[in-house]
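Notes for the one structure printed next.
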Amino acid sequence: MTANSYNGLSLAYIGDAIYELYIRKYVLSLGYTKVNDLHKHVIKFTSGEGQAYCIHKFLELNLLNEDELNIFKRGRNSHVNSSRKNLELKDYLDATGFEALMGYLYLDNKIQRLEELIDKCISLRGEANEKEF
């Protein structure tokens with residue numbers, strides 16, 4: 001199967017794992033060794049809020065090409081059966097679209113682009129000056 005043939009939720013499923021792995025590797029590179037510290041820093045990026053923040057910035061800065069935007073919309077518009085109690089539905093759906101984009105780039109072997117967007121998330125998070133999303 002090609003990456004484009006997966007539905008939005010399947011792309012989000014793998015995208016969530018891939019994004020989390022990259023973020024965990026990044027946080028480890030910062031020198032954190034205690035699991036609680038690692039977790040606190042990772043969730044700033046990987047929570048629904050953190051993912052929605054990144055995709056909102058991508059859209060605001062017009063960073064996505066047409067194909068990437070379509071994949072994001074496919075994930076965002078998927079029939080999600082649940083939501084998180086601490087997250088607005090719109091942000092939850094946008095985070096699902098973000099994960100779908102990550103999954104698509106990974107499955108389509110667009111690793112350089114995947115890493116470019118993840119690096120952008122990391123730099124955007126730094127620009128947020130450690131504020132909560």
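Could you run through the stretch 26-38 and say how many residues are surrounded by 13 or more Cβ atoms within 10 Å (Cβ to Cβ) and assigned to a helix (DSSP H, G or I)?
Here is the first cut: in the stretch 26-38, the residues surrounded by 13 or more Cβ atoms within 10 Å (Cβ to Cβ) are 26-28, 32, 37-38.
Still in the list and also assigned to a helix (DSSP H, G or I): 26-28, 37-38.
Residues in the stretch 26-38 being surrounded by 13 or more Cβ atoms within 10 Å (Cβ to Cβ) and assigned to a helix (DSSP H, G or I): 5 in total.
Being crowded, with 20+ Cβ neighbours inside 10 Å and within 13 Å of Leu124 (Cα to Cα) is the filter; apply it to the stretch 46-66 and report the residue that is nearest to the chain's Cα centre (by Cα).
Across the stretch 46-66, the extreme among qualifying residues is Gln51.
Out of (1) part of a helix (DSSP H, G or I); (2) among the β-branched types (Val, Ile, Thr); (3) exposed (fewer than 14 other Cβ atoms within 10 Å of the Cβ), what's the single condition that is false for Ile71?
Among (1) part of a helix (DSSP H, G or I); (2) among the β-branched types (Val, Ile, Thr); (3) exposed (fewer than 14 other Cβ atoms within 10 Å of the Cβ), the lone unmet condition for Ile71 is (3).
Looking at the stretch 1-25 only, could you name the residues that are among the hydrophobic types (A, V, I, L, M, F, W, C) and part of a helix (DSSP H, G or I)?
As a first pass, look at the stretch 1-25 and keep what is among the hydrophobic types (A, V, I, L, M, F, W, C): 1, 3, 9, 11-12, 14, 17-18, 21, 23.
Within the stretch 1-25, Ala3, Leu9, Leu11, Ala12, Ile14, Ala17, Ile18, Leu21, Ile23 qualify.
Taking Leu9, is it modelled with pLDDT under 95, in contact with a Ser or Thr (Cβ under 6 Å, 6 or more places away or on another chain) and aliphatic (A, V, I, L, M)? Quick ask: steps written out before the conclusion?
Numbers: modelled with pLDDT under 95: yes; in contact with a Ser or Thr (Cβ under 6 Å, 6 or more places away or on another chain): yes; aliphatic (A, V, I, L, M): yes.
Considered against the rule, which asks whether it is modelled with pLDDT under 95, in contact with a Ser or Thr (Cβ under 6 Å, 6 or more places away or on another chain) and aliphatic (A, V, I, L, M), Leu9 comes out as yes.
The values are calculated or read from the model by the stated rules, or taken from the named source; none is laboratory data. The structure displayed is predicted, hence computed values, not measured ones. Here Cβ is always computed from backbone atoms with ideal geometry, including for glycine, and neighbour counts include all displayed protein chains.
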